[in-house]
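K.L.:
Got a structure for you, questions after.
The values are calculated or read from the model by the stated rules, or taken from the named source; none is laboratory data. Just so we're clear, the structure is a prediction, and the values are computed from it rather than from any experiment. Positions of Cβ are backbone-derived with ideal geometry, glycine not excepted, and every protein chain shown enters the neighbour counts. When the accessible area is computed, the model is the full protein with side chains, heavy atoms only, and any ligands, DNA or RNA have been set aside. Shrake-Rupley method; radii C 1.70, N 1.55, O 1.52, S 1.80 Å.
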Amino acid sequence: MAASMLQPVSGRCVRGPGLRCLSVSSRCSRKRQIVQPRVRTEPPEIPGLERITYADRGYFLPWLARPNFPRWSPDWNNPLHYRSPPAEDMPLHKDTEAYVFSDKCRLLGGVKQALWLTKSSLIEGLPQSITSICEDPAYTFPNHEELVHNTISSACLWSTIEEQRPREEYCPKLLQGLLNLCRTQSPSYPGLFQRSFIEKYRLAASWRRESALYLVRGITGVVMHAKTALEPQASPSDIQVTEQQGLDSLYPLSPAIDLQEVNVYEERNHLGFKDGYPFSHPHTIYILDPCSTRARFLPDQLRAKMIMTAFGVLWLKLRCNSGEFCEDVKDLEKPIVVQSVGTDGQLFHFMVLQLNTLDLESSNGIKNIVWMDGDQALYDTVAGKAKIIRKVVVEPAGVSGLKPEIFQKFWAMYLHGAV
């Protein structure tokens, strides 16, 4: 009898009254009804006819039209009910658009796009001055394997009842723990006392690339400044070699893809420091992956963000001289250098950018140089308890696969310029 009440329609089972399909759960067997909000449509205006509304009555009547009351504005400024004027009426509105790179912007072209926007050529690996610190036993961090292991455990496992902390929680704590390890060696290297750390450093840089205006805005992360600038990493002959190198094009994609296009902007170049600040030279920029499921960066996109942020910092350092802009500067007699470290809590990316020219109008001539050493995993896995499948330990408890040589690169970039 039950079989007669189930009628197959197009290969599906249709439930009769009082019956339930046992092949699916009761929760899935019911169709979820999505209630769409009703959109109020105004009746059309008919020339020659006057609309009769219930405005004179003072109360709602269904057979009369809805009146259009004027918008009430209070006599005081209420920030909770502020409505911005149209973009055309704003004082900073301009006819030519600009492209904004913010701290949450992800470049679709990755490093290739960032190199074009900054007119830079890429060199795989780190400069010789940094690799020599990594290989020199005199600069080896004492007992660093145990200290790094404890730092990772403290950031990912300790002080939590979960098997593993969320990435957006342990990623900044891991970076701060590694920086604290490096600070402990300051008594052995007096040059490290000439450093200053700035958190939530805001950047405001603007430059033109082939007649298009690009703006860098937002929070860059943790920036380490020093009293003395880093020495150039490329020789004059290496800089001249870049003149013969070309830049990869993103055609048919636009170089401004994934950048916010705005018409209301201010062409600002500001370092964020007042005159006389003793730590005026940028040394290293530490950038974290947002680590959330929606805004998490791909490794190539995080490296592109490192290039854009480092270039913006160097651009401001050259362009802003006691609050005045040096428009006549094109090719630099003495290039300036800044370092950058990016991480998502496991993978580390190391970059060095040397600014050789400010002439970005064309892709010809001398290029800036970027040294990149990416996709360096500090450890393989970290777990609160072992993962066992068929009586085989697939993932052991704690930190496994620690690579101390990755921390040596982190330490070498921190120590660079102080020895």
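K.L.:
Within segment 91-115, can you find the residues that are among the polar types (S, T, N, Q) and not in a helix (DSSP H, G or I)? Even if it seems obvious, please write down each step before you answer.
P.N.:
First, pick out the residues of segment 91-115 that are among the polar types (S, T, N, Q): 96, 102, 113.
Passing the criteria: THR96, SER102.
K.L.:
Starting from segment 59-76, keep only residues that are more than 17 Å from GLU45 (Cα to Cα), then list their pairs with residues that are part of a loop (DSSP other than H, G, I, E, B) and open to solvent by less than 100 Å² (accessible area, probe 1.4 Å) whose Cβ atoms are within a distance under 8 Å, requiring at least 6 positions of separation or different chains.
P.N.:
Sorted first by the residue in segment 59-76, then by its partner, the pairs are PHE60/TYR54; LEU61/TYR54.
K.L.:
Right, here's the next one. Is it the case, given these coordinates, that PRO142 is under 17 Å from ASP344 (Cα atoms) and either open to solvent by 10 Å² or more (accessible area, probe 1.4 Å) or under 24 Å from the mean Cα position of the chain (by Cα) (or both)?
P.N.:
Values: under 17 Å from ASP344 (Cα atoms): no; either open to solvent by 10 Å² or more (accessible area, probe 1.4 Å) or under 24 Å from the mean Cα position of the chain (by Cα) (or both): yes.
No.
K.L.:
Are there strands (runs of 3 or more DSSP E) fully within segment 300-413 with at least 3 residues that are surrounded by fewer than 17 Cβ atoms within 10 Å (Cβ to Cβ) and of a type outside the set (Asp, Glu)? List them. Explain how you work it out, then say what you get.
P.N.:
Working: elements: 331-343, 347-357, 368-377, 381-383, 387-389, 392-395, 398-400.
Of the strands (runs of 3 or more DSSP E) lying wholly inside segment 300-413, those with at least 3 residues that are surrounded by fewer than 17 Cβ atoms within 10 Å (Cβ to Cβ) and of a type outside the set (Asp, Glu) span 387-389, 392-395.
K.L.:
Return the residues of segment 229-251 that are more than 24 Å from the chain's Cα centre (by Cα), touching a residue at least 24 places away in the same chain (Cβ under 8 Å) and in a loop (DSSP other than H, G, I, E, B); say none if nothing qualifies.
P.N.:
Matches in segment 229-251: ALA229, LEU230, GLU231, PRO232, GLN233, ALA234, GLN245, GLY246.
K.L.:
A further question follows. Given the criterion open to solvent by 30 Å² or more (accessible area, probe 1.4 Å), within 28 Å of ASP300 (Cα to Cα) and at pLDDT below 95, identify the matching residue among LEU108, LEU92. Explain how you work it out, then say what you get.
P.N.:
Details: LEU92 fails: within 28 Å of ASP300 (Cα to Cα).
From the options LEU108, LEU92, the qualifying one is LEU108.
K.L.:
Within segment 210-227, can one find any residue that is farther than 20 Å from SER340 by Cβ and open to solvent by 40 Å² or more (accessible area, probe 1.4 Å)?
P.N.:
yes
K.L.:
Would you check which residues across segment 253-284 are hydroxyl-bearing (Ser, Thr, Tyr) and surrounded by fewer than 16 Cβ atoms within 10 Å (Cβ to Cβ) and list them? Before the answer, list the steps.
P.N.:
Residues of segment 253-284 that are hydroxyl-bearing (Ser, Thr, Tyr), as a first pass: 254, 265, 277, 280, 284.
Once the filter is applied, which keeps residues that are hydroxyl-bearing (Ser, Thr, Tyr) and surrounded by fewer than 16 Cβ atoms within 10 Å (Cβ to Cβ), segment 253-284 yields SER254, TYR277.
K.L.:
Still on this structure: Take the conditions outside any helix (DSSP H, G or I) and open to solvent by 100 Å² or more (accessible area, probe 1.4 Å) and apply them to GLU50. Does it pass?
P.N.:
On the way: outside any helix (DSSP H, G or I): yes; open to solvent by 100 Å² or more (accessible area, probe 1.4 Å): yes.
In short, yes.
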